[in-house]
Amino acid sequence: MGKRVAVVLAGCGVYDGSEIHESSAVLVHLSREGAQAEVYAPNVDQMHVVDHVKGQPTQEKRNVLVESARIARGNIKDLTKLDVKGLDALIIPGGFGVAKNLSTWATQGKNCTVSKEVEDALKAFHAAKKPIGLCCISPVLAAKIFPGCELTVGHDTECEKWPYAKTAETVKELGCKHINKHVTEVHVDVKNKLVTTSAFMCNAPIHEIYDGIGKMVKEVIRLA
């Protein structure tokens with residue numbers, strides 16, 4: 001029997017939901033590992049909707065579960081239905097939706113709150129000693145919930161390649177250990193069964209992001 005892995009999405013689209021390429025890479029690599037993905041999302045309104053052509057917010061309203069269903073090809077459940085008992089691992093892809101719809105990181109940084117359903121899911125897998133995979137911006141959820149954990153969001157020195165490197169400093173301010181890693185690498189926090197990789201925190205070719213996510217998925221399955 002292949003492992004059953006919960007994948008939690010935050011909408012559809014990099015600027016206001018889950019990053020589509022990251023989400024797709026997670027699902028492809030899980031399939032390759034013979035694992036069964038079970039996709040969930042919270043049934044809440046998005047913080048806002050962004051026109052991805054202009055990069056500007058619009059007056060539109062959209063629902064996180066409804067939008068996430070686009071990526072899941074309709075095969076998705078309300079996050080309130082997630083039951084850790086029947087699952088082997090949890091993975092949360094990145095995208096600004098993590099910082100806008102799953103938490104308030106986008107507006108409050110280290111002083112953010114994580115939505116109750118997301119926090120409950122993360123704590124349930126952690127308590128059950130089941131692995132958690134996080135990529136791009138989603139490791140900040142672990143930084144907020146599991147003080148002292150080890151993770152990577154890429155590099156901690158800002159440059160053209162690492163435009164979001166200040167995130168690493170904020171993670172350190174939360175009392176977590178940040179490990180610098182290249183986009184094709186992962187960091188495994190063995191104690192917390194936490195696997196992280198930087199994905200689009202890095203200005204890298206898409207195949208390198210895809211490969212890094214592949215390593216994250218492989219490690220999550222190995223730990224499951």
(request) Pop out the ³J(HN,Hα) list for the stretch 194-209 in order, Karplus 6.51 cos²θ - 1.76 cosθ + 1.60 with θ = phi - 60°, rounded to Hz; leave Gly and Pro as x. (result) 10, 10, 10, 8, 7, 6, 6, 5, 10, 7, 10, x, 4, 5, 6, 5
(message) Which of the three applies to the stretch 36-117, rounded, prolate or oblate, going by the alpha-carbon gyration tensor with a ≥ b ≥ c and a/c under 1.5 meaning rounded?
(response) oblate
(message) Once the cut-off is 20 Å, how many percent of the Cα-Cα pairs in the stretch 128-224 end up in the long-distance tail?
(response) 28 percent
(request) Please state the charge dipole magnitude for the chain, taken about the Cα centre, from unit charges on C-beta atoms (+1 on K and R, -1 on D and E), reported in debye and rounded to the nearest 20. (result) 600 debye
(request) Can you tell me the relative contact order of the chain? Whole percent, Cα pairs under 8 Å, sequence separation 6 or more. (result) 20 percent
(request) Excluding residues fewer than 8 places away in the same chain, name every one of the aspartates and glutamates whose C-alpha is closer than 19 Å to that of Lys100. (result) Asp16, Glu19, Glu22, Asp45, Asp51, Glu60, Glu67, Asp78, Glu117, Glu119, Asp120
(request) Starting from the amide H of Val7, placed 1.01 Å from N in the peptide plane, find each other amide H under 5 Å away whose residue is 5 or more places distant or on another chain. (result) Glu38, Val39, Tyr40, Ile91
(request) Tell me what the chain gives for mean residue ellipticity at 222 nm when only DSSP H runs of n ≥ 4 count, each as -39,500 (n - 2.57), the sum divided by the residue total, rounded to 500 deg cm²/dmol. (result) -9500 deg cm²/dmol
(message) Ordering Phe146, Phe96 by accessible area with a probe of 1.4 Å, largest first, what comes out?
(response) Phe96, Phe146
(message) Just checking my list (1) 50, 44, 30; (2) 45, 39, 33; (3) 46, 36, 33 against Cα extents along the principal axes in Å computed from this structure; which label fits?
(response) (2)
(message) Place a point 7 Å from Cα of Lys110 in the direction of its Cβ. Which residues in the stretch 128-148 have their backbone N less than 17 Å from it?
(response) 139-148
(message) Below 8 Å between Cα atoms, with a sequence gap of 6+, how large is the relative contact order for the stretch 91-224 in percent?
(response) 24 percent
(request) Provide the packing ranking of 192-201, 84-93, 115-124, i.e. peptides ordered by the mean count of other C-beta atoms within 10 Å per residue, highest first. (result) 192-201, 84-93, 115-124
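The values are calculated or read from the model by the stated rules, or taken from the named source; none is laboratory data. Note that the coordinates shown come from a computational prediction; the quantities given were computed from them, not determined experimentally. Note: ideal-geometry Cβ built from the backbone for every residue, glycine included; neighbour counts use all protein chains shown. Protein only, heavy atoms only, side chains kept; ligands, DNA and RNA dropped before computing areas. Shrake-Rupley method; radii C 1.70, N 1.55, O 1.52, S 1.80 Å.
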